[in-house]
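Presented below is the structure to which this report refers.
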Amino acid sequence: MVGGWWVWGEGGSLPQGAQSPKPCGWIGFGGTSPALCCCTGLGSGRVWVAGLGSGQVWSSRGRFGLTSPCAGGETEEEIQRVDMLENQIMDFRMSLVMVCYNPDFEKLKPGYLEQLPGKLKLFSNFLGDRKWFAGEKLTFVDFLMFDVLDQNRIFEPKCLEPFKNLKDFMDRFGALEKVAAYMKSSRFQKMPINNKMAKWGNKKL
């Protein structure tokens with residue numbers, strides 16, 4: 001498997017009716033072309049996976065799902081924004097992962113929280129007044145971004161308070177019909193977001 005794919009593996013199961021995956025590309029890893037970032041079915045890492053044809057989009061931890069094309073941007077500007085952001089999201093995700101899986105978690109947590117506002121400000125500036133991170137249409141990086149921002153919001157509930165556009169983005173994504181329905185269903189699990197080896201995020205709430 002690609003390095004890091006299994007980091008978020010434990011903590012959820014396939015949504016009801018979902019089929020085992022037959023990957024045709026990878027989502028959420030640096031250097032991956034948006035045009036190739038699609039998988040049929042569900043992956044094992046805690047990243048977003050889109051089903052070609054049927055248009056099924058699921059969180060690979062089984063948290064959220066909706067019907068959408070596997071979108072990586074349409075215009076040249078959108079494609080460039082998606083490509084840049086994909087790499088930044090992965091770095092952001094891994095910075096929290098490295099803290100959560102470190103035996104010195106309690107010592108490292110204050111330092112992570114200290115630098116968190118600066119990282120969030122960069123994403124806030126990148127989003128600007130756009131509806132979605134690439135522009136006016138959903139792309140797969142919006143799924144990735146919602147997931148990683150949600151992780152950090154669980155880690156530090158007030159972290160998004162200074163960033164109105166990020167809060168609005170989270171509300172807008174969470175209000176999507178299929179996402180909202182899934183989050184209200186009995187299948188939705190807020191936690192765990194890490195596996196049992198982690199020092200944080202490894203237990204159900």
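The values are calculated or read from the model by the stated rules, or taken from the named source; none is laboratory data. Just so we're clear, the structure is a prediction, and the values are computed from it rather than from any experiment. Positions of Cβ are backbone-derived with ideal geometry, glycine not excepted, and every protein chain shown enters the neighbour counts.
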- Looking only at residues in the stretch 114-139 that are aromatic (Phe, Trp, Tyr) and not in a loop (DSSP other than H, G, I, E, B), which one is surrounded by the fewest Cβ atoms within 10 Å (Cβ to Cβ)? Phe126
- Looking at Lys164, Lys190, Lys196, Lys204, which one is basic (Lys, Arg), within 28 Å of Met98 (Cα to Cα), out of contact with any Ser or Thr (no Cβ under 6 Å at 6 or more places or on another chain) and surrounded by 11 or more Cβ atoms within 10 Å (Cβ to Cβ)? Lys190
- Item | the stretch 95-112, subset of a type outside the set (Phe, Trp, Tyr) and within 15 Å of Val148 (Cα to Cα), residue surrounded by the fewest Cβ atoms within 10 Å (Cβ to Cβ) | Met98
- Message: Given (1) part of a helix (DSSP H, G or I); (2) more than 30 Å from Thr75 (Cα to Cα), identify the lone condition not met by Asn165.
- Response: (2)
- Message: Kindly evaluate Asp142 against the criterion of being among the acidic types (Asp, Glu) and at pLDDT 95 or above.
- Response: no
- One residue from Gln80, Gln88, Gln56 being touching a helix residue (DSSP H, G or I) at 6+ places or on another chain (Cβ under 8 Å) and either surrounded by fewer than 20 Cβ atoms within 10 Å (Cβ to Cβ) or modelled with pLDDT under 90 (or both): Gln88
